[in-house]
Structures are given as C-alpha cells and as structure tokens.
Amino acid sequence: MFSGCKPEEIVLPEAPGNLTTPSYNHVKISTDKAAYNPGDKVNFEIDNTNLPASTTVRYRYLGELIAEEILQGNTWTWKTPMEDFRGYMVEVYDGIEGAETIYTSIAVDVSSDWTRFPRYGFLSDYSQLSSGEIDAVLDNLCRHHINGLQFYDWHNKHHKPLPMNGSIPADSWKDIINKDVYFSTVKNYIDAAHSRNMRSMFYNLIYGAWSGADSDGVSEEWYVYTDKTHTNRDFHPLSSPFLSNIYMLDPANTNWQEYILRENQVVYDHLDFDGFHMDQLGDRGTRFKYNGTSLNLAQTYEPFIEAAKADAPEKKNVMNAVNQYGQQGISAAPTDFLYTEVWSPNDTYKDLSNIIRINENYGAGAKNTVLAAYVNYDLANNKGYFNTASVLMTDAVIFAFGGSHLELGEHMLGKEYFPNDNLDMKADLIQALVRYYDFMTAYQNLLRDGGSFNQVSVSSLDGKITPGKWPVSAGSVAVIAKKKEKLQILHLVNFKDSQTDEWRDNSGIQAAPGLIRNAKIMFTSEGVVKKIWTASPDIIGGVSRRLNFEQLKDKVAFTLPELKYWSMVVIEYE
C-alpha cells in the first residue's frame with residue numbers, strides 16, 4: 001500500500017510480478033474429447049520430442065494452481081474435478097520462477113451440458129467420405145473444443161428431410177443444390193462426433209417446402225401468401241443448379257407443425273441427432289395466411305419451438321434469429337442457447353457487442369449466444385485467404401463480450417452458403433485460432449458465466465496506450481469492464497492500429513496491431529485489491545501470470561506486460 005505519496009508518483013517495476021515473459025514453444029498437444037463430465041478422465045497426447053525429463057504439467061482454474069505433476073511419456077490422464085461447468089487451463093512447462101519455458105497449453109471444459117457454453121461448428125460435405133477423412137475434420141474441431149455441430153443442408157426436401165425406401169432410409173439423395181448426400185456419411189459423422197463428446201444438430205428451415213409438396217401431403221391452407229386472396233404463395237427464389245424454389249409455410253399452423261414434426265421423428269428414428277437447428281429467412285414484409293388475415297412471422301416462432309420441444313422433449317433446440325428477427329420470442333421459447341446470423345446494418349464491432357448484450361437480456365442471463373458472422377464476405381467470392389487481423393479482431397470482441405462465433409467446420413466460413421470454401425487460413429491464423437478457442441474455454445467462467453458489465457476509470461501512466469470506454473475509435477484501446485462477485489475483469493482490446501470499425505471487413509484491410517510492452521496502467525478500484533493477474537490468447541498460449549501492483553486508497557497501478565489484440569486483466573478484491 002502507498003503511504004504519504006500521490007497517485008501520480010506511482011513507480012512500477014518493469015517485470016510483471018516476479019516473472020519475465022516466459023519463452024513459449026508451440027508443441028503439439030491434444031485431448032480425446034471436446035468436453036468432459038465431472039469426474040471423467042482426460043486423455044492427453046503430446047509431442048514430447050526433445051522435452052527435458054523435468055518437464056511438468058500443471059492444472060489451473062482461473063489462475064489458481066489446483067494440481068501439478070511431472071510429465072511421463074507422450075500420453076497421460078487427468079481425472080477432472082467434480083465441479084460442473086468449469087473451464088481449466090493445462091500448462092506444460094519447465095524451469096523455475098523467473099526463467100520458465102512454456103512448451104504448450106490446452107484448455108479442458110468440464111460441463112455436463114454442452115449448451116451451457118456452446119462452441120458451435122458446422123459440417124457441409126456429406127459425399128462418400130472415408131473414416132479417415134471424417135476423423136481429420138472432427139479431430140481438428142475437437143482441438144478447438146467445438147462441442148456442437150450444425151449439420152448444414154444434410155437433408156433432401158425441406159418438407160421431407162430424410163427420404164425413405166419403405167421403412168429403410170435411402171442410401172443417398174440430393175440436397176437443394178443437387179449435391180449428393182450419403183446416409184452413411186451423415187451417420188458416421190454423428191457417431192464419430194459422439195465419441196468425442198460433440199453433439200450433433202440437424203439443420204432445416206421451420207417453414208420450407210419444395211415445389212410439388214402438395215403431392216406429399218402439404219396442404220395449400222398451410223402456406224404463407226403475399227396477398228389476401230391466397231393467390232400467390234410466398235417463396236424464396238432459387239435458380240439452377242438448385243432443384244426448387246423454397247415455399248413458405250405458417251410455423252404457427254398446428255397442422256403444419258404436426259406434419260413437419262412427424263418428419264422430424266423419422267429423422268430421429270434413424271439418425272442419432274441430438275437436436276434441431278431451426279432456420280428462417282428473416283423479415284418477409286407483409287404476409288398473409290390462407291384465410292386472408294395478416295401474418296406476423298416473428299410471432300409464430302415461439303409456438304413452433306414449443307411444439308417441437310413437446311414432441312421431442314429430450315432433444316435440444318436452437319433457432320437462427322436472422323439479424324435478430326424474432327429473437328425476443330425465440331429466447332422466451334424452450335431454446336437451449338441463442339443464435340444470430342448477423343447482417344447489415346449491424347456492421348460494426350459495436351453492433352456485435354450490442355447483439356450479445358441484447359440476447360443476454362432476452363435470455364435473462366441464462367442463455368449464451370453464438371453469432372454466425374461471416375468475415376471477409378466479399379473476398380470469399382473468389383479464391384484467396386482470410387485476413388488474419390479481420391478474424392482475430394472480430395473474435396476478440398465476440399469472445400470478450402461472452403459470445404461464441406460460428407466459423408469453423410471443414411473450413412472457415414466466409415459466406416452464408418456453408419460449402420463455400422474459397423478462402424483458406426494462413427498459417428498464423430490457423431495457429432492463433434487454437435489459442436483463441438483454448439482461451440474462451442479455459443476462462444469460460446469469467447467470459448460466459450454471469451456477471452454484469454460496468455464502467456471502470458482506467459488511465460495510462462506512460463502514454464503507451466490510450467484507454468477508452470467501449471466502443472472506441474481507431475488509435476485507442478477499448479476497455480470492456482465486467483464485475484463478477486469479488487472479481488473485476490478488464491478486457492483491453494487494441495484498436496491502436498485499426499483500419500476499420502467494420503467487423504466484416506469486406507476488402508480485408510484490417511491491420512494487425514503492433515505489440516505493446518510494459519504499459520503502465522492505473523484504475524479506480526472499489527475496494528482493497530488482493531491480487532491482479534492477466535492472460536491473453538495472443539501471449540504464451542493464454543497462460544495466466546500474476547502481476548505486481550501498488551494501491552493508494554482507490555487508485556491502483558500495475559504494469560501490463562503485453563497487449564497484442566486482446567488481454568484480460570482480473571482484479572481480485574479482498
């Protein structure tokens with residue numbers, strides 16, 4: 001504590017706590033599952049080539065050491081604690097305090113229900129794939145701790161998703177764009193995902209039918225119309241190679257509900273999906289029922305979801321709120337988490353944070369959010385590469401505000417048509433995303449597990465950063481503050497070198513921020529500080545480090561060792 005001095009007289013040590021920045025190696029490490037139940041055994045595998053015999057493994061929960069052991073060989077197990085819904089950081093290191101080498105790190109999620117902290121991925125190719133090809137996709141997603149998969153466009157007709165030959169599913173069928181889908185591939189993906197504790201959700205519109213659906217028992221009285229005289233059915237136009245336009249049904253029509261939920265049961269009878277990923281097409285404007293009365297589509301989603309839950313109570317449900325259309329009713333319905341596909345005018349980083357916070361309010365803090373937000377959208381019209389800075393800045397904002405980002409599948413998403421794989425990831429992005437997903441998972445109890453955003457006065461003591469309240473403009477460092485019990489969390493997101501405030505960054509102009517070292521920072525505290533620690537997905541694999549600090553009354557100062565895209569500082573009060 002200070003005595004007899006002023007806040008501006010604070011002098012801080014250069015080093016963060018008692019440690020200089022540890023060296024960091026990118027040693028390959030993996031776990032056998034995306035998530036675990038309390039008390040489960042985690043099977044680890046590591047490339048231990050050239051690691052010294054003194055290499056040690058330590059297990060941490062929110063910066064606190066809970067166990068440690070000497071690394072024995074290239075595989076080992078760890079029995080997870082019995083507390084449910086927790087994230088852990090596992091660190092492989094050598095050396096002593098002051099001269100550590102962090103060889104690698106990996107997160108472990110211990111959660112009995114994946115929808116508590118959804119990390120959603122996708123699949124989009126169901127051609128004749130070998131078990132090796134399926135394993136390669138799922139092993140990569142498992143390394144990112146993806147615990148739920150959206151099976152995009154796996155089905156045949158929207159109104160009859162699984163085609164049958166009598167009582168047996170067809171061996172193969174065509175999807176809407178005339179691509180081959182094989183039953184064996186879909187089934188094998190589900191089974192292989194389950195072996196990694198990854199859940200599988202089947203995708204479909206809640207109100208779609210192909211042309212000719214009348215012959216399959218779909219009544220004209222169930223459709224949505226653009227006029228009061230039920231002359232013109234509402235439809236989503238599609239041209240060749242698509243096999244049909246998609247015609248709209250009224251989701252609140254109980255006869256349609258009974259029809260499509262019966263078809264869903266056919267799916268569940270033959271494929272072990274864990275739930276239903278429901279889609280819509282957003283605001284359709286003025287529309288009518290068959291009887292000529294007006295139809296508010298947004299108000300039809302809640303009764304449809306309720307009917308789906310009643311029909312299959314053991315299955316999970318999530319629904320896409322296209323640009324938030326209908327989200328209030330969707331969140332009030334028995335959905336397990338919230339999902340928003342983001343479009344204009346929600347183009348800025350601020351818009352992403354607003355959607356997450358609105359959803360948090362709609363769900364009364366009980367439902368976390370996944371955003372389908374397609375970065376570098378225009379670049380994906382042609383072959384090329386994602387801009388690494390575009391992706392990482394977007395993920396930093398989404399993750400800091402407690403959301404997750406639907407972006408990973410067989411490839412990274414750049415378009416709403418998931419099979420589009422025009423853009424590849426460069427090596428630096430491939431490596432960075434592993435660390436970002438480790439970070440989101442290891443610190444999920446700070447990022448996505450309650451608390452309330454607040455305002456904290458933060459200033460720079462040496463001018464290395466220009467702190468600003470969220471949202472901030474280019475040239476500044478955004479301070480996102482969140483209070484959780486006796487913890488004050490500060491997320492510092494670096495926009496110092498930012499070229500745009502638009503997360504989609506259609507032309508790929510976003511610039512990677514320069515690394516800021518040893519920035520001296522002061523904040524106004526709410527009480528006596530017991531401990532300060534920091535962690536960043538950009539630095540030493542997200543491993544936490546304790547920081548020295550000085551406090552004089554309500555003024556507290558510390559040195560932040562590094563800031564690249566995003567650093568988290570956690571203040572623990574007595």
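The values are calculated or read from the model by the stated rules, or taken from the named source; none is laboratory data. Quick caveat: nothing in here was measured; it's all calculated off a predicted structure. Methodologically, a virtual Cβ is constructed for each residue, glycine included, from the backbone with ideal geometry; neighbour enumeration extends over all protein chains shown.
Condition first: out of contact with any Gly (no Cβ under 8 Å at 6 or more places or on another chain), touching a residue at least 40 places away in the same chain (Cβ under 8 Å), surrounded by 21 or more Cβ atoms within 10 Å (Cβ to Cβ) and part of a loop (DSSP other than H, G, I, E, B). Can you find one or more residues in the range 235-247 that meet it? No, there is no match, as no residue in the range 235-247 is out of contact with any Gly (no Cβ under 8 Å at 6 or more places or on another chain), touching a residue at least 40 places away in the same chain (Cβ under 8 Å), surrounded by 21 or more Cβ atoms within 10 Å (Cβ to Cβ) and part of a loop (DSSP other than H, G, I, E, B). Would you please name the residue that is surrounded by the fewest Cβ atoms within 10 Å (Cβ to Cβ), looking only at residues in the range 382-431 that are under 16 Å from SER507 (Cα atoms) and hydroxyl-bearing (Ser, Thr, Tyr)? Among residues in the range 382-431 that are under 16 Å from SER507 (Cα atoms) and hydroxyl-bearing (Ser, Thr, Tyr), the one surrounded by the fewest Cβ atoms within 10 Å (Cβ to Cβ) is TYR385.
Only residues that are in contact with a strand residue (DSSP E or B) (Cβ under 8 Å, 6 or more places away or on another chain), charged (D, E, K, R) and closer than 30 Å to ALA380 by Cα were counted across the range 497-556, and they come to 3. Within the range 338-362, being within 25 Å of TYR152 (Cα to Cα) and of a type in the set (Gly, Ala, Ser) holds for one residue alone: SER344.
In the list THR49, THR20, which residue meets the criterion of being of a type in the set (S, T, N, Q), at pLDDT 90 or above and outside any helix (DSSP H, G or I)?
Values: THR20 fails: at pLDDT 90 or above.
Only one candidate passes the filter, namely THR49.
In the range 445-466, the residue that is surrounded by the fewest Cβ atoms within 10 Å (Cβ to Cβ) out of those that are touching a residue at least 40 places away in the same chain (Cβ under 8 Å) and closer than 16 Å to ASP497 by Cβ is LYS464.
So in the range 54-74, with the set limited to residues that are surrounded by fewer than 12 Cβ atoms within 10 Å (Cβ to Cβ) and in contact (Cβ under 8 Å) with a residue 12 or more places away in the chain, which one is farthest from PHE117 (Cα to Cα)?
If we take residues in the range 54-74 being surrounded by fewer than 12 Cβ atoms within 10 Å (Cβ to Cβ) and in contact (Cβ under 8 Å) with a residue 12 or more places away in the chain, then SER54 is farthest from PHE117 (Cα to Cα).
Of the residues in the range 359-381, at least one is in a helix (DSSP H, G or I) and buried (at least 24 other Cβ atoms within 10 Å of the Cβ).
Residue-wise test of (1) closer than 27 Å to GLY541 by Cβ; (2) in contact with a Phe, Trp or Tyr (Cβ under 7 Å, 6 or more places away or on another chain).
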| residue | (1), (2) |
| --- | --- |
| ILE70 | yes, no |
| ASP84 | yes, no |
| VAL90 | yes, yes |
| ALA99 | yes, no |
| GLU133 | no, no |
| ALA136 | yes, no |
| CYS142 | yes, no |
| ASN156 | no, yes |
| PRO163 | no, yes |
